[in-house]
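Here's the structure we're looking at; comments come further down.
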Amino acid sequence: SAPNGAGPQSVDVYEMYWADLSRLSGAIPRVITELFTLVFRLSKLGRGTVDEALGGMKGANDKAPASWRCLAHLQTGLDWAFVNLLALLFTQLGMLALLIVPVALAAPRADSVRWVVGSGLAVFAFLWAAYRRQDGARRVALPIGLFVVASFLLFDPASAPWLVPLLWLALLSLALNAVLRVSEDRFPFTRPSGLALWGLTVASVVGFVCWNASPVSLTLWVQAALFGVELVLTAVKWWWIAAALVFAAWYVAGALASRHGGYESSASVDTGRLGMFASLGAFVMLTMALWALASAVLTASVASSDVRYVPRIFPIEENIRGTSDAAAMAAAFPRQVPAAPETGPARDRFGAEFFLRFRYEDSTASFAVIAALLLILASYLVAVFVPSVLAELKFLRTRAGAASRSGARAAESATRDLGSWLTAGYRRLGGAVSAIVLLSILGALAVALVLYAKPAQAASVWDRAVEFSAYLSQVLLKPLVLSAAGVGALLSAFGGVLSRYVPGLRAPLDIALDVDNHFREFPRKSIPRARIFSRYAALLDHVSKQGYDRIVVVAHSQGTVISAELLRFLSDAPRGTRRADHDRCRQLTRRYGCDIRLVTLGCPLRQLYAARFPSLYGWVLRQHGGGNGPLAADIGAHRWANAYTSGDYVGRWLWSSPGGGDVLGHPMSDTVHPSVLGRGSAYSPFSPMPPDARALKAMSEFELCLGLGAHTHYFEPDQAVVAWLIDLVVAG
């Protein structure tokens, strides 16, 4: 605002748009990349939170408690094993599927495939050599080599069963290397781990072909790839057996570590658990969905080529589940299941599609419990958020302008009920996560037991439990998993349209991506937060040169976090200055030539960031003389006003009364005692409204509840209180 005489005469408005640097575009490759990244990033966020808390737990001897050191090591190990081993093992299954399907479909048409591949390779080699004709000899060596390979394919039919699969393996390896390069930017060491595992997988497939005494054919390559599937599934089995024991130790270490350090300690442990469980659970559900789709394509391809395969690692008896099951399956799959599978000639008639189908059913039966527990957590969150979603969609609302005292009381009661429900759900989230994680670990131990030493295949209690789990995964979980994956893909693919016309549907995904991108440190040359801060700082520099008396920043949702973080960074003490003597407000005033003020709406600094990452955002919860919460002086602002609705599932109040003797106040503490401007709780409005001007003028920080509502309607025309609040801060 630029005053001319008495009071502000004009207000200029600037907009800083940042969502293009944080959220998904409509490009399908980026959608897929970001969704997969988000699955693994949850585990990284949990690991980073535990590491940050470990640093804050160090005592006078510069050593943290033993329980915290143990927890940090276990969290790091589990995260590394999850991202760099388990995920890459499932990648091997996907690569083998890409080998099985085309080779199986090509097997009945081997001679035609030989001519097509040979001719295409010869044309490609010729065009490449012509394009590179002026380059050095080293540049044309590869097209010459490809031309030689094409000649063998065209004039030596016996070489085709070797050259066609090897060429396809080479193309798959190049594609995998490109994908792993992208992954390496986000998760270090995934590329060497992935290439090493792929090298072992290819070696096992080629070794199977070389070891087999029968003539080499495309069908033999399909059987070799199926053997590779067995090897990878065995590695997954032993990963799960070892990880189950580590998970149990990790949970116990977390329970012991949470007893040190008050809220910061317990919340960091809860965040570590939530990140690991949500990441691993989402990965299991995603792989179940992909495995379901791949299994259908795989079984169809090997069935069309009449491929036979006798399992080498998983006994054929396990794929039939005993004589009684064999009879039933023989009726359903007469070609795949022979009457006497133990005899030599009959074993050769074992259908490969039956092996693949049973491997899928057995795998999903084992992991159905884990996926079901993730659905329980999702159901809990749905129950907590449903009232807020109804308020978001305006199915829940209070009548505007209720003049009667009873109408005002009813509106305030509805506001308080919605806020208390959401607060209670957030308060109990840590306990719910701990209970579900404990059940998941018990389920993981049970899965490890069944994978390590499966009991006798008689009609036992255990066998019936496994069969019920298989039924659960096939009949109930599979549709849910596929539906969730489909809805997630649609929300992401059409995110731009949904954000414009139905923002409530896209909001949860955008929020998750905003939080994740705020903590990302990759790609190193284009970190999202650094790019957003750079754009923001450039705008502030431009505005400061216009000669204004004050700059008022009005921010919503993640924009409030970006604004507070940037102002806190810009107002930090210069190098060599004692922090105790540093004045952040004076620092910003010198930098921009005027004072900075901040208005935040739906600010997640307290209920999301400080609640889940207390080691990084302890300043948001720290106690001061009149209560607990951030101070305007903490970010260099002269004034900080905050407003929110009671059902905002992202962010609400910033200041409350302290509770207990902890250094940090609890983020869900909603008491205001003594009352401030007539507000006795976080869900109360000012009373009277507007409040006394002199009392309000003396406050550097203040906030108010706008009533019933959620997260996306703060700037609509009927929000008169928001307009009053902005005018108040602008006018000063």
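The values are calculated or read from the model by the stated rules, or taken from the named source; none is laboratory data. A quick note: this is a predicted structure, and the numbers were derived from the prediction, not measured. Note: ideal-geometry Cβ built from the backbone for every residue, glycine included; neighbour counts use all protein chains shown. Only protein heavy atoms, including side chains, enter the accessible area calculation; ligands, DNA and RNA are left aside. Shrake-Rupley method; radii C 1.70, N 1.55, O 1.52, S 1.80 Å.
Here are the numbers for this structure:
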{"item": "Other-chain or far-sequence residues with amide H under 5 Å of V676's (modelled H)", "result": "none"}
{"item": "Heavy-atom SASA rank of D111, D718 (probe 1.4 Å, accessible area, largest first)", "result": "D718, D111"}
{"item": "Region 250-313-region 40-82 distance, computed between alpha-carbon centres (Å)", "result": "21"}
{"item": "Largest to smallest accessible area among H556, H518 [probe 1.4 Å]", "result": "H556, H518"}
{"item": "Cα gyration tensor category, rounded, prolate or oblate, for region 201-296 with a/c compared to 1.5", "result": "prolate"}
{"item": "Calculated FRET value between R181 and A248, using beta carbons and R₀ = 22 Å, to 0.05", "result": "0.05"}
{"item": "Spacing of the two label points (7 Å from each Cα toward its C-beta) at A723 and A530, in nm", "result": "4.3"}
{"item": "Neighbour net charge for A64 - beta-carbon separation under 14 angstrom, K R +1, D E -1", "result": "0"}
{"item": "Pairs beyond 32 Å (Cα-Cα), from K237/K525; K63/K525; K44/K237", "result": "K237/K525; K63/K525"}
{"item": "Proximal charge balance of S681 [Cβ under 9 Å; K/R count +1, D/E count -1]", "result": "+1"}
{"item": "Separation of the R694 and L127 label points, Cα + 7 Å toward Cβ, nm", "result": "8.5"}
{"item": "Förster radius 22 Å - calculated FRET efficiency between S687 and R591, Cβ distance, rounded to 0.05", "result": "0.05"}
{"item": "I100, I313, I144, ranked by accessible area, largest first (probe 1.4 Å)", "result": "I144, I313, I100"}
{"item": "Net length gained if the chain between L166 and R575 were fully extended (0.36 nm per residue, minus Cα distance)", "result": "141.3 nm"}
{"item": "Spin-label model distance (nm) - I313 vs L438, 7 Å beyond Cα toward Cβ", "result": "3.5"}
{"item": "Extension reserve of the D583-A537 stretch, reckoned as 0.36 nm per residue once the Cα distance is removed", "result": "14.6 nm"}
{"item": "Extension gain (nm, one decimal) between V386 and D62, 0.36 nm per residue minus Cα-Cα", "result": "112.0 nm"}
